[in-house]
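Chemist: Handing you this structure, nothing more for now.
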Amino acid sequence: MSANPYLPDMATVVEVIEETPNIKSFRLVLNDEAKMQTFSFQPGQVGQLSLFGAGESTFVINSSPTRMDYLQFSVMRVGEVTTRLHQLRPGDQVGVRAPLGKAFPVEDMKGKNILFIGGGIGMAPLRTLFTYMLDKREDFKDITLLYGARTPNDLTYQAELPDWLGRDDVNTVLCIDNEYPGWEHKVGLIPNILLEMNPSPENTVAITCGPPIMIKFTLQALKKLGFEDEQIITTLEKRMKCGVGICGRCNIGTKYVCQDGPVFTYAQLKELPSEL
């Protein structure tokens with residue numbers, strides 16, 4: 001990141017992928033070749049994307065640090081800035097302030113079973129860690145991915161799903177909320193499918209991200225399955241603006257999501273005020 005934490009580095013859009021009707025992934029390369037070659041981050045860290053005249057918003061870097069040909073950000077169109085970002089085309093310019101925030105505790109996860117639970121756009125922060133672990137497969141034991149959405153059309157990274165499903169070293173389970181013509185995978189809400197799968201909490205770390213209501217009931221399901229609070233990890237993107245702990249927009253009690261997060265264990269979240 002620039003020596004001035006408020007000054008973005010300029011980057012060029014090299015590819016735009018339409019993931020769903022309202023989600024696009026943007027692959028960017030920093031214009032400064034030397035900075036691109038030395039850029040480093042850890043799974044779970046975020047960046048601020050800015051468009052002059054529109055504003056700036058926070059998104060997880062969902063490419064993997066093991067694959068540094070580009071930086072990928074997935075954007076759901078929900079407001080003015082994200083609408084403008086969705087208008088970007090290859091060759092367009094965007095400002096990038098990254099990496100920001102705390103990463104997943106990858107070192108602590110080595111030698112453990114990993115359970116990913118993602119819903120909709122919540123697969124974005126999981127994708128970076130999931131891809132990283134696939135590239136470092138020997139460092140981890142069993143890896144399971146439970147990924148769901150309302151309909152098949154709401155699943156992101158569909159170009160990658162066949163590879164994930166076809167791997168014999170990963171257990172990938174897909175689900176949608178209700179029956180859909182031609183759907184051959186699980187049907188049901190993610191927490192219910194999780195309970196049906198009945199994963200063992202022994203030597204396992206569960207990482208979940210998705211809509212707040214999904215996370216709420218997924219956490220309850222994990223507790224029913226016997227997972228301890230310290231075994232459960234999630235991510236937040238609460239009102240992050242400056243990204244460096246100055247503006248105070250993302251504070252929860254004495255914590256700042258941009259500095260103390262966005263990665264938190266469930267044990268850490270339970271110590272925070274109930275304003276989430």
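Chemist: Got a number for residues in the stretch 70-89 being in contact (Cβ under 8 Å) with a residue 40 or more places away in the chain and in contact with a Lys or Arg (Cβ under 9 Å, 6 or more places away or on another chain)?
Modeler: 11
Chemist: Search the stretch 46-71 for residues being at pLDDT below 95 and part of a loop (DSSP other than H, G, I, E, B), and hand back the single one that is farthest from the chain's Cα centre (by Cα).
Modeler: Filtering the stretch 46-71 for residues that are at pLDDT below 95 and part of a loop (DSSP other than H, G, I, E, B), the one farthest from the chain's Cα centre (by Cα) comes out as G53.
Chemist: Given the criterion charged (D, E, K, R), modelled with pLDDT of 95 or more and in a loop (DSSP other than H, G, I, E, B), identify the matching residue among E230, E202.
Modeler: Only one candidate passes the filter, namely E202.
Chemist: Any chance you could count how many residues in the stretch 116-134 are over 16 Å from F104 (Cα atoms) and either open to solvent by 20 Å² or more (accessible area, probe 1.4 Å) or in a strand (DSSP E or B) (or both)?
Modeler: Number of matching residues: 2.
Chemist: Return the residues of the stretch 191-222 that are among the β-branched types (V, I, T), buried (at least 16 other Cβ atoms within 10 Å of the Cβ) and either within 17 Å of P125 (Cα to Cα) or without any contact (Cβ under 8 Å) to a residue 40 or more places away in the chain (or both); say none if nothing qualifies.
Modeler: Within the stretch 191-222, V205, I207, T208, I215, T218 qualify.
Chemist: Looking at D108 and the list (1) farther than 23 Å from Y256 by Cα; (2) among the acidic types (D, E); (3) surrounded by fewer than 18 Cβ atoms within 10 Å (Cβ to Cβ), which single condition is not satisfied?
Modeler: All conditions are met except number (1).
Chemist: Can K102 be described as modelled with pLDDT under 95, within 17 Å of the chain's Cα centre (by Cα), of a type outside the set (D, E) and surrounded by 14 or more Cβ atoms within 10 Å (Cβ to Cβ)?
Modeler: yes
Chemist: Could you say which residue among R249, R239 is of a type in the set (D, E, K, R), modelled with pLDDT of 70 or more and either closer than 30 Å to N4 by Cα or outside any strand (DSSP E or B) (or both)?
Modeler: Exactly one of R249, R239 is of a type in the set (D, E, K, R), modelled with pLDDT of 70 or more and either closer than 30 Å to N4 by Cα or outside any strand (DSSP E or B) (or both), namely R249.
The values are calculated or read from the model by the stated rules, or taken from the named source; none is laboratory data. If you're wondering where the values come from, they're calculated on a predicted model, not measured in any experiment. Every residue, glycine as well, gets a Cβ built from its backbone with ideal geometry; the counts of neighbours run over all protein chains shown. To get the accessible areas, we keep the full protein, side chains included, count just its heavy atoms, and leave off ligands, DNA and RNA. Shrake-Rupley method; radii C 1.70, N 1.55, O 1.52, S 1.80 Å.
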